[in-house]
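Student: Structure in structure tokens, see below.
The values are calculated or read from the model by the stated rules, or taken from the named source; none is laboratory data. All figures in this text were calculated on a predicted structure; none of them were measured in a lab. When we count neighbours, we look across all protein chains shown, and the Cβ atoms used for this are built from the backbone with ideal geometry, even at glycine.
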Amino acid sequence: MRYSGVKISLLLSLCFYSSYGLSKDNDVREQEKPRDFYNSEHFTIQAPEAEDSSSASGNAYIIDGVRIGAGDDKAGYETTGYQTNSVAISARQGTKADLIRVIENPPLGLPKIPVPVNNPLTVEKIDLGRKLFFDRRLSLNDTFSCAMCHIPEQGFTSHELEKAVGFEGRSNRRNAPTIYNTAYLERLFHDARETTLENQIWGPLLARNEMAMTSMGQVIQKVKDMPDYAGLFEAAFDGKGPNIVTMGKALASYQRVLVSGNSAFDRWYFGKEANAISEKAIRGFNVFKGKGQCVSCHSVGQKTALFTDNMMHNTGLGFKRSMGKEPDKERMLIAPGTYAYVLKSKKALVGHPPIPDVGFYEVTQDPDDRWKYRTPSLRNVALTAPYMHDGSMLNLGDVIAFYNEGGMLKNESNFPNVTQSPLIQPLGLTEGEIDDLMTFMKTLNGDNIAEVISDAFATPVGDTTNEH
Amino acid sequence: MNIKKFISKPLAVLAPFVAASVLATNPVMADETCMSPYMVKIVGQEDFVYVWTLGVEGLGDGQDKMVTVDVNPKSEHYGKVINSESVGGRNEAHHSGFTDDRKYLWAGGLDSNKIFIFDVHTDPAKATLVKTIDDFVSKSGGVVGPHTTYALPGRMIITGLSNNQDHGGRTALVEYTNSGEYISTYWMPTDDNLQGAHKGGQFADGYGYDIRALPSKNVMLTSSFTGWSNYMMDFGAMLGDAEAMKRFGNTMVIWDLHTRKPKQVLDVPGAPLEIRCAWKPGNDYCFSTTALTSQIVLLEEENDVWKATNVADIGVPANIPLPVDISIQSDDALLWVNTFLDGKTRAFDITDPHNPKQVYEKQIGNQVNMVSSSWDGKRLYYTTSLLGNWDKKAQDNDQFIKLYHWDGKEMTEQFAIDFHAEKLGRAHQMRFGAYSLYGKQAKVEQAKSPIVAMSK
């Protein structure tokens with residue numbers, strides 16, 4: 001994010017400092033002066049530029065009556081001019097959609113959906129999988145469904161957190177990835193540790209810091225004991241009840257049909273609609289495939305485009321997280337337009353150390369795979385902030401700036417990041433080119449987003465009841 | 001204090017009974033000052049403090065529990081834990097509140113969304129779990145994080161902190177009967193549905209936290225904190241999560257007490273948490289404090305319109321001491337303010353509510369959260385836990401209850417119970433109990449203090 005840099009004062013630079021450890025940019029006498037805490041002259045206020053609208057927090061908008069973005073929109077929270085843009089929970093109403101139609105007619109720009117021979121898609125399986133996806137009872141204490149981290153209107157990820165938070169608030173080390181177009185992924189999770197959607201479900205269900213169920217058997221028995229699931233598995237799976245296989249197949253079936261294409265870009269590039277995207281976006285696409293070299297990893301084919309090479313790359317970000325030095329203080333928002341600083345030493349008093357993360361190496365045990373992560377698709381990228389495997393970049397501007405500077409500089413540690421991808425090099429993009437590139441990326445939203453969200457809203461959230 | 005001002009008609013009927021009970025048994029002179037004005041009150045020395053305690057994995061039985069501490073100085077068990085009632089699981093035990101008849105104590109779990117109802121009248125020395133509401137979320141239509149359990153006449157109104165859709169901060173008030181039957185849900189006003197409320201500033205975030213009623217003005221006031229994702233996550237991780245830090249409440253809402261309709265949404269940036277209202281007739285104002293921006297906020301009505309004004313800094317706001325619990329003295333002269341991160345309690349002279357002045361400060365521990373004051377202001381109890389994943393780590397993670405005597409100038413520690421050493425868990429909210437409430441005789445030597453009629 002580029003700020004206009006309206007820096008008014010730095011009074012709060014001491015925030016979270018102990019009273020004995022004053023910083024050089026703090027003036028004790030200033031602090032002791034009587035003052036109106038919200039008088040802007042005392043604070044650092046940085047106003048984001050008007051066009052920077054891709055904050056993870058929002059700028060929600062409405063398509064076909066469906067709100068796209070967090071119901072608790074925080075766009076502009078960095079400024080004192082912030083105004084809420086909140087909607088009632090009760091507004092989260094929807095209509096069930098015919099999701100299975102994408103099997104016969106994949107959206108423009110996307111290939112035929114790969115479907116395992118042993119798990120052909122049916123409406124019954126999709127319906128069952130969707131019910132499971134939104135069922136909070138599938139966690140050890142009945143509070144966590146898949147959808148608590150993969151929130152439909154927030155791009156099937158969460159705009160509200162950089163890194164996911166799981167059972168009992170336990171920390172996760174990575175951002176919740178979007179579920180859109182996972183049907184096409186050859187490897188799943190940021191570290192590519194899983195191979196199929198059918199198998200993938202057990203990771204979050206059993207992870208101690210996600211849904212925390214203690215065993216596959218416990219999950220299955222719990223589902224068997226829920227009256228509202230009576231007969232549903234049997235109807236979807238030729239008489240077979242809940243078991244390890246049918247659970248996986250049902251949840252995979254729902255996720256598999258969450259494909260989203262026929263974007264403005266698709267209609268321009270593949271559909272040859274000349275006016276589907278703007279001249280600015282076309283210039284951005286040229287940067288994308290040219291000077292920006294984005295297409296090297298975010299692939300575009302002749303007839304379809306997944307915008308991912310399904311490969312593992314070390315961009316330098318993971319290396320920095322593991323090997324770089326943490327700053328002594330971090331800037332944080334404490335109210336709209338009001339910042340403070342938190343000292344590393346103070347943060348350590350109330351927080352556990354970050355969980356180590358060495359990426360793909362943890363799967364292969366090959367040192368060459370250290371800090372490699374799967375290339376995410378860029379489809380719907382404007383909807384799926386925050387970005388990168390750790391959610392540390394809040395908007396597209398930050399991501400582009402990161403790559404424009406050549407990823408993480410290799411001198412940020414005492415020794416080089418030897419596995420960093422050679423594709424990561426300074427790009428030298430101009431501000432105009434960056435602006436064009438961002439405009440292009442916003443043309444990648446699928447045309448069925450509102451329909452899929454509405455379909456999700458129509459699904460009851462599974463919570464404990466005493467009505468049976 | 002005029003009892004009629006605060007006790008509704010049904011309770012007014014009870015008042016003579018309660019007063020008579022008090023007179024007939026152990027005359028006592030104390031109570032919390034943060035209770036509902038509809039609450040049947042005890043006066044004099046409390047016999048017990050019920051501490052709603054978070055279980056800690058690997059410590060004792062690891063479960064949340066209601067711990068009963070004997071606090072009657074004439075008891076042989078004074079300053080000791082005399083009962084512990086485990087409830088199963090770690091629910092993120094947080095706040096608790098009595099029904100208006102003070103027979104039952106409702107204690108919420110911010111994570112599991114369960115509400116545990118304890119019988120505290122059959123044997124006040126042994127808070128006993130008699131009912132668990134485990135369908136709060138489904139019954140309420142998706143409210144998560146039952147926080148304040150607040151007594152209205154024959155009713156319990158419960159503030160939520162979150163919802164079951166995105167685990168964010170949008171939430172509601174939920175009303176139950178005293179017997180635990182769901183009645184209704186009142187969603188906090190949002191921009192698209194202000195429900196007739198006047199949005200006076202920039203914010204209508206739909207967040208919730210605490211609630212208090214001012215019957216004399218026919219209003220309820222609510223404050224705003226944050227959703228499940230934040231209050232459950234590691235505090236240090238949250239401070240480093242730029243998106244999470246945007247998810248704090250910046251509003252307070254004024255409600256029509258009778259109709260339960262929101263009337264006004266006030267801008268109060270920085271997460272206004274606890275609300276305490278003045279007690280004296282005519283003092284129709286309340287205070288709150290903001291957790292992140294460290295302000296004392298005065299809520300008062302002016303020309304039929306409520307307004308929120310920052311009236312004092314708490315410590316050095318730039319240091320973010322993190323104000324948490326507050327307690328107003330029954331004579332409206334002092335406001336105790338605890339600050340979690342520096343472990344201090346501060347007393348503010350609020351005789352001029354528009355200009356509070358700090359007059360006292362004391363270090364309670366490495367961290368401190370709750371403070372409960374006796375009605376006469378002479379006894380102050382402190383506990384330490386804020387939230388399971390927000391408490392300090394390692395050696396700074398004090399977990400105790402301490403009693404101090406306050407003589408108007410200085411605090412003197414009377415006893416401390418280490419909840420780690422007792423293998424109990426994290427000590428959170430305290431509520432007082434007394435035999436005298438129920439016409440029972442304390443099993444201690446009779447107090448010789450003068451008989452004083454029940455307070456409001």
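For (1) of a type in the set (Phe, Trp, Tyr); (2) in the same structural domain as residue A:315 (by TED's automatic domain parsing), each residue gets a yes or a no:
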residue: A:334; (1), (2): no, no
residue: A:346; (1), (2): no, no
residue: A:353; (1), (2): no, no
residue: A:356; (1), (2): no, no
residue: A:365; (1), (2): no, yes
residue: A:371; (1), (2): yes, yes
residue: A:376; (1), (2): no, yes
residue: A:379; (1), (2): no, yes
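Student: Okay, next question. Restricting attention to region B:291-327, and to residues there that are of a type in the set (Val, Ile, Thr) and farther than 21 Å from residue B:208 by Cβ, which single residue is farthest from the other protein chains (Cβ to nearest Cβ)?
Tutor: Among those residues, the one meeting the criterion is B:305.
Student: Does residue B:355 meet the test of being under 23 Å from residue B:408 (Cα atoms) and within 11 Å of another protein chain (Cβ to nearest Cβ)?
Tutor: Yes; evaluated as a whole, the condition is true for this residue.
Student: Ok, one more. Which residue, of B:200, B:180, B:208, B:160, is small (Gly, Ala, Ser) and either over 21 Å from the mean Cα position of the chain (by Cα) or within 10 Å of chain A (Cβ to nearest Cβ) (or both)?
Tutor: Matching residue, one of B:200, B:180, B:208, B:160: B:200.
Student: For region B:369-389, how many residues meet the condition of being within 14 Å of chain A (Cβ to nearest Cβ), in contact with an Asp or Glu (Cβ under 8 Å, 6 or more places away or on another chain) and among the hydrophobic types (A, V, I, L, M, F, W, C)?
Tutor: 1
Student: A follow-up question, please. Can you name every residue in region B:163-177 that is part of a strand (DSSP E or B) and either facing chain A (nearest Cβ under 7 Å) or in contact (Cβ under 8 Å) with a residue 24 or more places away in the chain (or both)?
Tutor: Result: B:163, B:170, B:172, B:173, B:174, B:175, B:176.
Student: Only residues that are of a type outside the set (Asp, Glu) and surrounded by fewer than 24 Cβ atoms within 10 Å (Cβ to Cβ): list them for region B:351-365, please.
Tutor: Matches in region B:351-365: B:351, B:353, B:354, B:355, B:356, B:357, B:358, B:359, B:360, B:362, B:363, B:365.
Student: Looking only at region B:212-226, decide whether some residue is closer than 26 Å to residue A:172 by Cα, within 8 Å of chain A (Cβ to nearest Cβ) and not in a helix (DSSP H, G or I).
Tutor: No, there is no match, as no residue in region B:212-226 is closer than 26 Å to residue A:172 by Cα, within 8 Å of chain A (Cβ to nearest Cβ) and not in a helix (DSSP H, G or I).
Student: What are the residues in region A:375-405 that are on the phi > 0 side of the Ramachandran plot and more than 14 Å from chain B (Cβ to nearest Cβ), if any?
Tutor: A:380
Student: Hey, another quick one. Please work out which residue is farthest from residue B:64 (Cα to Cα), limiting yourself to region B:82-105 and to residues that are surrounded by 24 or more Cβ atoms within 10 Å (Cβ to Cβ) and among the acidic types (Asp, Glu).
Tutor: B:100
Student: On to the next question. What residue, among those in region B:183-197 that are hydrophobic (A, V, I, L, M, F, W, C) and under 22 Å from the mean Cα position of the chain (by Cα), is nearest to the other protein chains (Cβ to nearest Cβ)?
Tutor: That would be B:187.
Student: If I ask for residues that are without any contact (Cβ under 8 Å) to a residue 60 or more places away in the chain and out of contact with any helix residue (DSSP H, G or I) (no Cβ under 9 Å at 6 or more places or on another chain), which ones from region A:182-206 would you list?
Tutor: Those that are without any contact (Cβ under 8 Å) to a residue 60 or more places away in the chain and out of contact with any helix residue (DSSP H, G or I) (no Cβ under 9 Å at 6 or more places or on another chain): A:195, A:203.
Student: Would you mind telling me which numbered condition in (1) in contact with a strand residue (DSSP E or B) (Cβ under 9 Å, 6 or more places away or on another chain); (2) crowded, with 24+ Cβ neighbours inside 10 Å; (3) closer than 26 Å to residue B:439 by Cβ residue B:41 fails?
Tutor: So the condition that residue B:41 fails would be (1).
Yes/no per residue for (1) under 18 Å from residue A:446 (Cα atoms); (2) surrounded by 23 or more Cβ atoms within 10 Å (Cβ to Cβ):
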{"position": "A:97", "(1), (2)": "yes, no"}
{"position": "A:108", "(1), (2)": "yes, no"}
{"position": "A:114", "(1), (2)": "no, no"}
{"position": "A:122", "(1), (2)": "no, no"}
{"position": "A:125", "(1), (2)": "no, yes"}
{"position": "A:129", "(1), (2)": "no, yes"}
{"position": "A:136", "(1), (2)": "no, yes"}
{"position": "A:141", "(1), (2)": "no, no"}
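Student: Out of region A:162-180, which residues are more than 22 Å from residue A:253 (Cα to Cα) and part of a loop (DSSP other than H, G, I, E, B)?
Tutor: If the condition is that a residue be more than 22 Å from residue A:253 (Cα to Cα) and part of a loop (DSSP other than H, G, I, E, B), then A:162, A:163, A:164, A:166, A:170, A:172, A:173, A:174, A:175 are the ones that fit.
Student: In region A:333-374, how many are away from chain B (no Cβ under 14 Å), in contact (Cβ under 8 Å) with a residue 60 or more places away in the chain and crowded, with 21+ Cβ neighbours inside 10 Å?
Tutor: 5
Student: Is it fair to say residue B:179 is of a type in the set (Gly, Ala, Ser), surrounded by fewer than 23 Cβ atoms within 10 Å (Cβ to Cβ) and within 23 Å of residue A:143 (Cα to Cα)?
Tutor: no
Student: Please specify each residue of region B:422-436 satisfying the condition of being over 22 Å from residue B:371 (Cβ atoms) and modelled with pLDDT of 90 or more.
Tutor: Once the filter is applied, which keeps residues that are over 22 Å from residue B:371 (Cβ atoms) and modelled with pLDDT of 90 or more, region B:422-436 yields B:423, B:435.
Student: Still on this structure, please answer the following. Take the residues in region A:456-468 that are touching a residue at least 40 places away in the same chain (Cβ under 8 Å) and over 20 Å from the mean Cα position of the chain (by Cα); name whichever of them is farthest from the other protein chains (Cβ to nearest Cβ).
Tutor: A:458
Student: Looking only at region B:255-283, which residues are away from chain A (no Cβ under 14 Å) and in contact with a strand residue (DSSP E or B) (Cβ under 6 Å, 6 or more places away or on another chain)?
Tutor: Of everything in region B:255-283, those that are away from chain A (no Cβ under 14 Å) and in contact with a strand residue (DSSP E or B) (Cβ under 6 Å, 6 or more places away or on another chain) turn out to be B:255, B:256, B:257, B:260, B:263, B:264, B:274, B:275, B:276, B:277, B:278.
Condition check ((1) closer than 23 Å to residue A:450 by Cβ; (2) at the interface with chain B (Cβ under 9 Å from one of its Cβ atoms); (3) at pLDDT 95 or above) across all residues:
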| residue | (1), (2), (3) |
| --- | --- |
| A:137 | no, no, yes |
| A:143 | no, yes, yes |
| A:150 | yes, no, yes |
| A:165 | no, yes, yes |
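Student: May I ask you to list the residues in region A:75-117 that are charged (D, E, K, R), assigned to a loop (DSSP other than H, G, I, E, B) and modelled with pLDDT under 95?
Tutor: If the condition is that a residue be charged (D, E, K, R), assigned to a loop (DSSP other than H, G, I, E, B) and modelled with pLDDT under 95, then A:78, A:92 are the ones that fit.
Student: Tell me yes or no: at least one residue of region A:200-211 is over 17 Å from residue A:146 (Cα atoms) and among the charged types (D, E, K, R).
Tutor: Scanning region A:200-211, I find no residue that is over 17 Å from residue A:146 (Cα atoms) and among the charged types (D, E, K, R), so the answer is no.
Student: Quick check on region B:240-254: of everything there that is within 21 Å of residue A:161 (Cα to Cα) and in contact with a strand residue (DSSP E or B) (Cβ under 8 Å, 6 or more places away or on another chain), which residue is farthest from the other protein chains (Cβ to nearest Cβ)?
Tutor: Only one residue tops the list, namely B:249.
Student: Select the helices (runs of 4 or more DSSP H) contained entirely in region A:181-242, then report the ones holding at least 1 residues which are among the polar types (S, T, N, Q).
Tutor: A:197-200, A:216-225
Student: If you go through region A:152-161, how many residues are of a type in the set (A, V, I, L, M, F, W, C) and more than 7 Å from chain B (Cβ to nearest Cβ)?
Tutor: 1
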